[in-house]
């Protein structure tokens, strides 16, 4: 008897100490209290025992959890994506029980222990995020085996997969109950743990590079200007929202990968329109020359072959949102904004991850069948940028390696003949920091064709000015050029004859001629003998065979 008293006293003490915590987590105060006394708007219209809407504790022959509801007989459409490694089957186990309410096919008041359907304020769960329906392709996958084999196939899943309070069922399958506890709404959405900064998500998902990315670490918050970028999350900083900045685990508009919006760019714009991130990148895609991210919708796949995929550009083609970071680099090394992306290397092979910035550009502007012809039509035609920057060429701009000309007196400090530059040294936002503005960096959009940071006129009879050839004068001293320090006829051609720089020079590279000489077919023509050619004849010396402005050069030599 004395032992019973002691045990009873201990139990009473424990209950007293924990009574407040129990009340806070009790189903009584949640929307899952479907009795007439429940706090939600969807509930019975007459008083009923709370547990009865799910459980029948005294029905003989029932196994745990002694379910009191009919189970749906429908065939569900399950989640699928091109990168899914799990074998997702029809919902089973605890997930099947949850769907007896949440698929909306069975009346909420239809329970086995009652002959008649109990009257409810709504016959079934009304339309909204909690009504999952029978199409589960827009919801996080459930009822699949989560084991070491899956973790190995995926490469970015944690194994052992879960820890308390996140758990698998007895068959090692992930179910609704892995993330949700129907009896406890302490953390909201009946989650089993606090999901601030996606703490729940990263129990399973261990994405390489996530620890460094701004999407995990940024404390930027929404400025309140419509639209609300975080419509399904109560948090108000990028870091506290974590995965939910872009993803929605239930009823996602972008079904594949559970994105908030179906169009990929629309998941980026809510923050990158200047209302969360400091720079308005969305505005850049409204400029006349831009990467057309609004055209290619639903084409990009994370596992696509970067060499042979159909030519397209979406935000994810150039930025991996799980890994992109602010790490800086020197040419030609790729900066952190391009981290963990696939590319095409200088040999024309796929590479994962890319190491150099130009390897990203080569995905679309090299061997890809959709590669477009250059803006300026050349006598020596080549649209493959990888070939134009080939280090075996007679000349090229120093994207992959230092240039071959040891004598370039026009170079501005800090450039030397050993310097390397990026593709984005020329192709960039005209209102960005490198262009002297306050806009975002990067080749998103520009007012100058073809997506140039500064103007580089290509029309014949252009009046020379610092503005007309601002891009060229960014690296090449205008005074040196017009003083003919490298070519004795520079001023004559640019100022007097008003020929643009591109009339003679291809800014990418030329296989057969030094000094980037490759004439514009709309300005320069063969001479009267049908010859069009440039010959290098030593340091600061050469000869041209051509006709320009109706004047024969057959040849014209310099100096």
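Taken together, the values in this text are just the output of simple stated rules run on the coordinates, not laboratory data. Since we're looking at a predicted model, the values are computed, not measured. Virtual Cβ from ideal backbone geometry, glycine too; neighbours counted across all protein chains shown.
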Query raised in the report: Of (i) 34.1; (ii) 23.9; (iii) 27.9, which is the value of mean projected area of the Cα convex hull in nm² derived from the coordinates here?
Result: (i)
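Once you order the gyration tensor axes a ≥ b ≥ c over the Cα atoms, which shape class does region 31-116 get: rounded for a/c under 1.5, otherwise prolate or oblate by comparing a/b with b/c? Each step should come with its number before you reach the end.
Values: a/c = 2.55, a/b = 1.74, b/c = 1.47.
Prolate shape, in that a/c is at least 1.5 and a/b is the bigger ratio.
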Query raised in the report: Of 497, 523, how do they rank once you tally other Cβ atoms within 10 Å and put the fewest first?
Result: 497, 523
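When only Cα pairs under 8 Å and 6 or more residues apart are kept, what is the percent relative contact order across the chain? Working shown, then result.
Numbers: 1058 pairs, mean separation 43.1, N = 559.
It rounds to 8 percent for the chain.
Going by the alpha-carbon gyration tensor, a ≥ b ≥ c the square roots of its eigenvalues, is region 334-410 rounded (a/c under 1.5) or, if a/c is not under 1.5, prolate (a/b greater than b/c) versus oblate? Spell out each step's value before the answer.
On the way: a/c = 2.16, a/b = 1.27, b/c = 1.70.
Since a/c reaches 1.5 but b/c is at least a/b, the shape of region 334-410 is classed as oblate.
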Requested in this report: Please work out how much length the chain gains when fully extended from residue 328 to residue 392, using 0.36 nm per residue of separation minus the C-alpha to C-alpha distance, in nm with one decimal.
Outcome: 20.1 nm
Query raised in the report: Where does helix 93-102 land angle-wise versus the long Cα axis of the chain, in degrees 0 to 90, nearest 10?
Result: 90
Query raised in the report: FRET efficiency for residue 488 and residue 401, Cβ-Cβ distance as r, R0 = 22 Å, nearest 0.05?
Result: 0.15
Report task. Give me 96, 521 ranked fewest to most by other Cβ atoms within 10 Å of their Cβ, as a rough exposure proxy. Result -> 521, 96
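Please give the FRET efficiency for residue 479 paired with residue 114, using the beta carbon to beta carbon distance and R0 = 60 Å, rounded to the nearest 0.05. Present the calculation step by step, with values, prior to reporting the outcome.
On the way: r = 93 Å, r/R0 = 1.55.
Efficiency at R0 = 60 Å is approximately 0.05.
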Query raised in the report: In nm, to one decimal, how far is the residue 223 label point from the residue 416 one, both placed 7 Å along Cα→Cβ?
Result: 4.3
Report task. Determine the gain in length on full extension of the stretch residue 36-residue 158; use 0.36 nm per residue of separation and subtract their C-alpha separation, reporting nm with one decimal. Result -> 39.6 nm
Requested in this report: With just the Cα atoms of region 190-348, tell me how far they stretch along each of the three principal axes, in Å, largest first.
Outcome: 52, 36, 33
Report summary line: Simple SL model, points at 7 angstrom along Cα→Cβ for residue 537 and residue 92; separation in nm is 8.5
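Quick check on region 403-497: what does the Kirkwood estimate of hydrodynamic radius come out to from the alpha carbon pairs, in Å? Don't jump to the answer; show the numbers that get you there.
Numbers: mean 1/r = 0.0698 Å⁻¹.
Roughly 14.3 Å, rounded to one decimal.
Taking 0.36 nm per intervening residue step and subtracting the Cα-Cα distance, what contour gain separates residue 84 from residue 311 on full extension? Spell out each step's value before the answer.
Values: separation 227, 0.36 × 227 = 81.72 nm, distance 2.35 nm.
Value of the extension gain: 79.4 nm.
How high is the FRET efficiency between residue 45 and residue 66 when r is their beta carbon distance and R₀ equals 35 Å, given to the nearest 0.05? Numbers along the way, then the final one.
Numbers: r = 25 Å, r/R0 = 0.72.
It comes out at approximately 0.90.
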Requested in this report: Round to the nearest 10 and give me the degree value, 0 to 90, for the angle of helix 2-25's Cα axis relative to the longest principal axis of the chain.
Outcome: 40
Report task. Considering only DSSP beta bridges where both residues belong to the chain, give the percentage that are antiparallel (nearest 5). Result -> 95
Report summary line: Note: region 48-165, point scatterers on Cα, Debye, no solvent; log10 I/I(0) at q = 0.09, 0.10 Å⁻¹ equals -0.33, -0.41
Query raised in the report: Could you state the number of Å between the C-alpha centres of region 244-259 and region 396-458?
Result: 38
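Can you give the Rg to Rh ratio of region 493-542, both from alpha-carbon atoms, with Rh computed by the Kirkwood formula? Walk me through the numbers on the way to the answer.
On the way: Rg = 11.5 Å, Rh = 11.9 Å.
So for region 493-542, dividing Rg by the Kirkwood Rh gives 0.96.
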